[in-house]
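To keep things clear, I will list the structure first and then write my remarks on it.
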Ligand code: ACO
């Protein structure tokens, strides 16, 4: 970290001595005030539930400028990566810091493809789940179970183990997600086919059956690959912070990533793409475009708890750059499938237009996020709504593992242990049962 000449001075109105706090400069983005010694010097903690003003780590992986609507992976704009690279290039970049040259690209693709199968015993583990279980419930279990199958890459303090675990996770996630899908459908699992691209192989494992192979459609494969790229990392979001916190105890990488999967499931995070599509389907069922006005009225009503899913973001206070790319992909996919007049897409466009002009959304800087469109694209590809978040988890795995490995390699890393402002009862004695 680069120290700044400027210091932050913290003073107190009760006459307690003021203290100087060091400031550090990032390569871009806001400076941070180092409060690590605050408790030692003042006996006070800072209070920041939701981490609105707290940097939990230093990182070189992903940078977001929420006001500009900019997203960079290792310095490269998401728009360039999404149009000039594929998902495995992006994985390489996130993991190792640079884009691969031709040879490294070939080697990396080969390495990942050599790890796409999962232990045959995993299917018996899967068999313990109910067939109607939510795919995210299944995936949380399957990813956690990897640590029971791959003992030779569970030492988080060993860089070779960390690298093998990273490759295994990236390679096996499509297989696991497709297995979770096939299990729910009651269809036989389809083994990976390594000569296909990463996205093409995933789609084949999803849609082929023993009686009919799946011919990957170029436009749809490219769309799937783009979904993966756009979801690959997003700096210190809830699931990534969960992975870091979980991994900070020294647990194995598979367990830490399983924690990330569990966190991603929530509707305020990765579950939003599923929630956004369900919302569109609900509006469609209840009258469609005609009823948008009524729906928006409910969203704006503080007592209703209805939210416009796929809108708003903790960091972006401008159009989410991923949403722009996904909107483009939406047009491409619907065009390729002859679904330009898809009523749900038309509804989404109408909803977006009204929301972008409405004072409520404008004043709060609420713009569409990537999930507003990714659900429409996935639905058009034939992916069931309940699988959307599992696909997000598949794509985010590389980000989680890159962030986890960065943390373990950081000499300043410590087990994560937030403090609290205690507002409960002071010490008291347990009364006998008859007096309670
Ligand atoms: N619909 C209606 N109002 C909203 C929405 C929304 N989608 N999002 C935020 N607001 C309102 C809030 O009610 C609040 O209003 P107020 O100031 O009058 O109280 C104001 O905008 C600020 O919102 P916060 O909840 O404070 O913003 P926060 O940064 O905590 O939340 C979040 C961000 C969770 C993403 C929120 O916008 C949301 O719930 N959106 C819908 C779910 C969604 O799409 N999540 C996907 C996130 S992106 C991703 O994970 C890939």
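The values are calculated or read from the model by the stated rules, or taken from the named source; none is laboratory data. The structure displayed is predicted, hence computed values, not measured ones. Please note: Cβ atoms are built from the backbone with ideal geometry, for glycine as well, and neighbour counts cover all protein chains shown.
Quick look at the values:
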{"item": "Hey, residue 258 away from the ligand (no atom under 15 Å from the Cβ) and surrounded by fewer than 19 Cβ atoms within 10 Å (Cβ to Cβ) or not", "result": "no"}
{"item": "The listed residue being under 30 Å from residue 334 (Cα atoms) and either assigned to a helix (DSSP H, G or I) or touching a strand residue (DSSP E or B) at 6+ places or on another chain (Cβ under 9 Å) (or both), out of 268, 262, 255, 223", "result": "223"}
{"item": "Residue selected from the stretch 303-328 under the condition within 9 Å of the ligand (Cβ to nearest atom) and on the phi > 0 side of the Ramachandran plot, by the criterion surrounded by the fewest Cβ atoms within 10 Å (Cβ to Cβ)", "result": "312"}
{"item": "Unique residue being within 16 Å of the ligand (Cβ to nearest atom) and in contact with a helix residue (DSSP H, G or I) (Cβ under 9 Å, 6 or more places away or on another chain) when the list is 344, 339, 264, 245", "result": "264"}
{"item": "Filter result for residue 431 (surrounded by fewer than 16 Cβ atoms within 10 Å (Cβ to Cβ) and closer than 30 Å to residue 171 by Cβ)", "result": "no"}
{"item": "Residues located in the stretch 340-353, provided they are surrounded by fewer than 16 Cβ atoms within 10 Å (Cβ to Cβ) and in contact (Cβ under 8 Å) with a residue 24 or more places away in the chain", "result": "343, 346, 350"}
{"item": "Criterion (touching a helix residue (DSSP H, G or I) at 6+ places or on another chain (Cβ under 8 Å) and not in a helix (DSSP H, G or I)) met by exactly one of 55, 133", "result": "133"}
{"item": "From the options 360, 373, residue that is outside any loop (DSSP other than H, G, I, E, B), farther than 26 Å from residue 258 by Cβ, within 22 Å of the chain's Cα centre (by Cα) and within 14 Å of the ligand (Cβ to nearest atom)", "result": "373"}
{"item": "Lone qualifier among 113, 56 - being out of contact with any strand residue (DSSP E or B) (no Cβ under 9 Å at 6 or more places or on another chain) and over 30 Å from residue 178 (Cα atoms)", "result": "56"}
{"item": "Candidates 124, 108, filtered to the one that is in contact with a helix residue (DSSP H, G or I) (Cβ under 7 Å, 6 or more places away or on another chain), surrounded by fewer than 21 Cβ atoms within 10 Å (Cβ to Cβ) and over 24 Å from residue 244 (Cβ atoms)", "result": "108"}
{"item": "Condition broken by residue 232, with the remaining ones in (1) within 16 Å of the ligand (Cβ to nearest atom); (2) surrounded by fewer than 23 Cβ atoms within 10 Å (Cβ to Cβ); (3) in a loop (DSSP other than H, G, I, E, B); (4) touching a residue at least 60 places away in the same chain (Cβ under 8 Å) satisfied", "result": "(2)"}
{"item": "Test for residue 372: is it under 28 Å from residue 185 (Cα atoms), surrounded by 15 or more Cβ atoms within 10 Å (Cβ to Cβ) and in contact with a strand residue (DSSP E or B) (Cβ under 7 Å, 6 or more places away or on another chain)", "result": "yes"}
{"item": "When residues of the stretch 271-302 are limited to those that are within 9 Å of the ligand (Cβ to nearest atom) and not in a helix (DSSP H, G or I), the one modelled with the lowest pLDDT", "result": "271"}
{"item": "Total residues in the stretch 409-428, condition loosely packed, with under 10 Cβ neighbours inside 10 Å and within 11 Å of residue 248 (Cβ to Cβ)", "result": "3"}
